[in-house]
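The next block holds one structure in the form of structure tokens; read it before the comments.
The values are calculated or read from the model by the stated rules, or taken from the named source; none is laboratory data. Predicted, not measured: the structure shown is a model, and the values here were computed from it. Cβ coordinates were reconstructed from backbone atoms using ideal geometry, including for glycine residues, and neighbour counts include every protein chain displayed.
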Amino acid sequence: MYIEYMMRLYLAICKYLRALVQIRIYSKALIPLSIYFLLISCNSDEKQLIGKWKTLSIESERGNEIKDVDSDDYYQFNNDGTYMNSFQNSTYIGNWKLDKKSKKIELEYGLATFKGNYRLLQDSLFLELDKYILQRKDSVLGKILIKLEKN
């Protein structure tokens, strides 16, 4: 009886130790995977926004006519918080700000500021903006809807 009890205890301890060894092996494999997923999740909207975006369409929610988009129209967002917008052979240079928690974007140039929401998918950027002139909302066009594609 005693020998049988000791044998079962020995087997249980061995099984427990094998489980611990497996956990240590798995935990060693999980550390690099955890770091990898952490780095992927840290890829912020700001980093994805940086670069040149081709303008696909610009519309007004009120149906007001906005001139057709040329094939050369684009937005260029830079690391330093500046941007350049080429629209119908004119170039606008200003500053951009992003609030990734609330998904808000602000584009400023001269006396005009565009504020609104953004939606960023892999190679697509959707902007829904209101235009302000000297902090006063310009309601002629209503919300301006801009679709962009990463170049």
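When Glu128 is tested against (1) outside any loop (DSSP other than H, G, I, E, B); (2) more than 16 Å from Phe77 (Cα to Cα); (3) over 17 Å from the mean Cα position of the chain (by Cα), exactly one condition is not met: (3). Taken over segment 69-91, the criterion of being not small (Gly, Ala, Ser) and not in a loop (DSSP other than H, G, I, E, B) is satisfied by Tyr74, Tyr75, Gln76, Phe77, Thr82, Tyr83, Met84, Asn85, Phe87, Thr91. Here is the figure for segment 68-81: residues that are of a type in the set (Ser, Thr, Tyr), surrounded by 14 or more Cβ atoms within 10 Å (Cβ to Cβ) and more than 11 Å from Leu49 (Cα to Cα) total 1.
Annotation note: of Lys143, Lys101, Lys97, the sole residue that is at negative phi, out of contact with any helix residue (DSSP H, G or I) (no Cβ under 8 Å at 6 or more places or on another chain) and surrounded by 16 or more Cβ atoms within 10 Å (Cβ to Cβ) is Lys143. Taking segment 92-125 as the range and being of a type in the set (S, T, N, Q) and either out of contact with any Gly (no Cβ under 9 Å at 6 or more places or on another chain) or not in a strand (DSSP E or B) (or both) as the test, the residues that pass are Ser102, Asn117, Gln122, Ser124.
Look at (1) assigned to a strand (DSSP E or B); (2) within 18 Å of Gly142 (Cβ to Cβ) and you find that Ile66 fails only one, number (1).
Looking across segment 50-63, the residues that are modelled with pLDDT under 90 and either under 17 Å from the mean Cα position of the chain (by Cα) or in a loop (DSSP other than H, G, I, E, B) (or both) come down to Glu61, Arg62, Gly63.
Of all residues in segment 109-145, those satisfying the criterion of being within 20 Å of Ser57 (Cα to Cα) and charged (D, E, K, R) are Lys115, Arg119, Asp123, Glu128, Asp130, Lys131, Lys143.
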